[in-house]
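Q: There's a structure below that I have some questions on.
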Amino acid sequence: MRGAPLAASLLIPSRTDLAALAVELVLTAGICAVLLVPLVFRTRANVLASAAATAAVAVGFLLTFAAPSGSGTAFAGMIVFDGAALLWRRIALLFVLGVLIARWPRGDDTERDDTVDCTLLLSATVGMTLMGATANLLLVLLASELASVASYLLAGLRKHERLASEAALKFVLVGAVSTAVMAYGISLLYGVTGSFDFAAIAAHLSAGSVSPLAVMGLVGLLVGLLFKLSAVPMHFWAPDVFQGGGVDVAAFLSVVSKGAGVVLLARLVALLVAPGAPLIGGTQFTLAIIAIATMTVGNVAALPQTSVKRMLGYSTIAQGGYLLAAVALIGPAGFEATAIYLMVYAAMNLGAFAVLASVEAARRSDHVDAFNGLARLAPASAAAMAVCLIALIGLPPTAGFFAKWKIMSALAAGGGWWWAAVAAVALNSVISVAYYARLIRAMYLRSALTSAGENLAPPGWSPATWVGVASAIALVAGLVLFTFVERAAARFTFGS
């Protein structure tokens with residue numbers, strides 16, 4: 001009889017529970033497979049580890065099409081399966097699949113240990129997909145920490161390079177502070193409401209006046225999410241990590257980390273700060289101010305950069321500001337614009353970082369001058385990079401034009417002071433032309449010579465090149481087939 005209470009407390013996962021976590025279970029199996037590779041195979045471990053990780057992500061992506069339909073919860077309400085969680089998993093897994101293909105090991109690369117790289121990459125992906133599929137503050141903290149710890153290690157893998165070690169240390173310090181503040185905020189919310197569940201917390205907040213402790217708890221939670229978004233004032237880690245880490249790590253953090261934060265923040269405000277709730281006005285204004293500051297700081301700081309990785313690091317900060325502006329609307333129009341921009345943003349960042357990876361591998365530099373004459377030596381790579389940069393600006397003939405237009409039109413529909421946010425998005429898009437155009441000019445208007453008059457090495461056709469070209473084609477096709485993008489974004493809805 002003494003074992004009865006324990007048996008009664010055990011939660012045996014149902015078929016629905018397992019189906020809701022099918023993607024994460026496959027990724028976990030992939031981690032196990034990657035770790036077993038060097039124990040079983042003495043040679044070709046890098047290739048086999050990459051193949052196992054790629055297969056796991058591909059299977060996980062395919063499983064999203066067999067996911068439970070509609071909205072519901074699993075594991076006693078800790079996991080949510082709805083349109084937003086499903087769309088986020090598809091975006092994240094397709095992007096990670098592109099990153100894994102672009103970084104496919106070369107035969108002459110003996111310094112990389114893909115067993116470690118792929119294990120950390122898959123672990124961070126598990127945490128970030130869970131962040132977009134939970135409405136429970138306890139799981140928010142656990143998933144966020146799983147993603148963060150793996151990301152810290154990814155950033156510092158190039159241990160023989162000073163910049164990588166310095167960047168990883170800064171990443172850990174800023175991350176530790178933000179996590180501590182977020183954990184304290186969660187504890188305050190639990191103390192005030194007596195629950196970790198978003199729905200229960202929302203019911204408590206809408207029942208009457210909101211206590212100062214609840215507001216402090218929400219602010220603490222927001223700080224942790226701003227770190228994931230690399231939004232002002234939690235943005236200092238991003239440029240250093242992008243420059244010091246590998247291109248694949250920078251690409252991964254630029255989209256998957258930011259996307260996880262955006263989706264979780266959107267779910268948080270959708271469920272906790274409903275229209276008509278006491279906090280709606282203050283939350284919208286706060287997020288809008290942070291969004292404007294983030295896009296402005298990111299674009300202005302990118303102007304003097306000569307390292308393309310660092311330039312793209314500041315660019316991702318600015319792009320996070322655009323996403324945050326759409327989330328700040330807290331309504332269907334804003335959430336749809338967020339989903340559209342997130343899908344397009346994943347394609348344009350994947351393409352830009354893939355071309356950067358091929359150029360850096362060939363010319364051993366990520367300086368702007370390393371792109372000199374690229375259009376003559378590697379026209380496909382130059383064209384792909386140009387298309388991705390034009391999409392990042394928000395100009396036709398790319399889907400980036402409609403994606404940014406959707407954000408601006410959603411903000412304009414809000415009227416009143418939302419027009420200030422529209423003006424900020426437009427002005428920052430103009431500012432971004434200056435540093436993106438500098439890279440395009442280097443590719444198309446400069447000769448492929450070093451300062452010593454020697455010819456720069458031409459990047460060959462590598463997996464990264466193919467990923468860059470495929471991303472550019474998707475961006476151009478997305479402009480023509482934008483109706484399908486809108487149709488997918490319409491499913492970006494939040495259940496309980």
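Q: Failed condition for residue 253, given (1) out of contact with any Phe, Trp or Tyr (no Cβ under 7 Å at 6 or more places or on another chain); (2) open to solvent by 10 Å² or more (accessible area, probe 1.4 Å); (3) in contact (Cβ under 8 Å) with a residue 40 or more places away in the chain, with all others met?
A: Every condition holds for residue 253 apart from (2).
Q: Need the failing condition index for residue 423 against (1) surrounded by 24 or more Cβ atoms within 10 Å (Cβ to Cβ); (2) modelled with pLDDT of 95 or more, just the number.
A: Looking at each condition in turn, residue 423 falls short on (1).
Here is a yes/no grid of residues against (1) of a type in the set (A, V, I, L, M); (2) part of a helix (DSSP H, G or I); (3) over 22 Å from the mean Cα position of the chain (by Cα); (4) within 20 Å of residue 259 (Cα to Cα):
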residue: 205; (1), (2), (3), (4): yes, yes, yes, no
residue: 213; (1), (2), (3), (4): yes, yes, yes, no
residue: 217; (1), (2), (3), (4): no, yes, yes, no
residue: 221; (1), (2), (3), (4): yes, yes, no, yes
residue: 225; (1), (2), (3), (4): yes, yes, no, yes
residue: 232; (1), (2), (3), (4): yes, no, no, yes
residue: 238; (1), (2), (3), (4): yes, yes, no, yes
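Q: Sticking with this structure for a sec: What residue, among those in the stretch 330-358 that are under 14 Å from the mean Cα position of the chain (by Cα) and among the small types (Gly, Ala, Ser), is nearest to residue 249 (Cα to Cα)?
A: 346
Q: Could you run through the stretch 189-216 and say how many residues are at pLDDT 90 or above and under 30 Å from residue 316 (Cβ atoms)?
A: Counting residues in the stretch 189-216 that are at pLDDT 90 or above and under 30 Å from residue 316 (Cβ atoms) gives 2.
Q: Just the residues that are hydroxyl-bearing (Ser, Thr, Tyr) and free of Cβ contacts under 8 Å to residues at least 24 places away in the same chain, please, taken from the stretch 19-65. Break it down into steps so the answer makes sense when it comes.
A: Let us first name the residues in the stretch 19-65 that are hydroxyl-bearing (Ser, Thr, Tyr), namely 28, 43, 50, 54, 64.
Once the filter is applied, which keeps residues that are hydroxyl-bearing (Ser, Thr, Tyr) and free of Cβ contacts under 8 Å to residues at least 24 places away in the same chain, the stretch 19-65 yields only 43.
Q: Is it true that some residue in the stretch 314-326 is open to solvent by 10 Å² or more (accessible area, probe 1.4 Å), in contact with a helix residue (DSSP H, G or I) (Cβ under 8 Å, 6 or more places away or on another chain), in a helix (DSSP H, G or I) and not aromatic (Phe, Trp, Tyr)?
A: Going residue by residue through the stretch 314-326, those that are open to solvent by 10 Å² or more (accessible area, probe 1.4 Å) are 314.
Applying the additional criterion that residues be in contact with a helix residue (DSSP H, G or I) (Cβ under 8 Å, 6 or more places away or on another chain) yields 314.
Of the ones still in play, those that are also in a helix (DSSP H, G or I) are 314.
If we keep only those that are not aromatic (Phe, Trp, Tyr) too, we end up with none.
Checked against the condition, which is being open to solvent by 10 Å² or more (accessible area, probe 1.4 Å), in contact with a helix residue (DSSP H, G or I) (Cβ under 8 Å, 6 or more places away or on another chain), in a helix (DSSP H, G or I) and not aromatic (Phe, Trp, Tyr), the stretch 314-326 yields no hits at all.
Q: Tally the residues that are hydroxyl-bearing (Ser, Thr, Tyr) and open to solvent by 70 Å² or more (accessible area, probe 1.4 Å), restricting the search to the stretch 147-198.
A: Looking only at the stretch 147-198, we keep the residues that are hydroxyl-bearing (Ser, Thr, Tyr), and these are 148, 151-152, 165, 178-179, 184, 187, 190, 193, 195.
Subset that is open to solvent by 70 Å² or more (accessible area, probe 1.4 Å): 184, 190.
The qualifying residues number 2.
Q: What residue, among those in the stretch 465-496 that are hydrophobic (A, V, I, L, M, F, W, C) and not in a helix (DSSP H, G or I), is surrounded by the most Cβ atoms within 10 Å (Cβ to Cβ)?
A: Residue satisfying both the conditions and the ranking: 492.
Q: Examine the stretch 288-302 for a residue that is open to solvent by 10 Å² or more (accessible area, probe 1.4 Å), in a loop (DSSP other than H, G, I, E, B) and of a type in the set (Ser, Thr, Tyr), and state whether such a residue exists.
A: So the first thing to find is which residues in the stretch 288-302 are open to solvent by 10 Å² or more (accessible area, probe 1.4 Å), and the list is 289-290, 292-293, 296-297, 300-301.
Checking which are in a loop (DSSP other than H, G, I, E, B) leaves us with none.
No.
The values are calculated or read from the model by the stated rules, or taken from the named source; none is laboratory data. What you see is a predicted model, and the numbers here were worked out from it, not measured in a lab. Every residue, glycine among them, receives a Cβ derived from its backbone with ideal geometry; neighbour counts consider all protein chains shown. Calculation scope for accessible area: heavy atoms of the full protein, side chains included, ligands and nucleic acids excluded. Shrake-Rupley method; radii C 1.70, N 1.55, O 1.52, S 1.80 Å.
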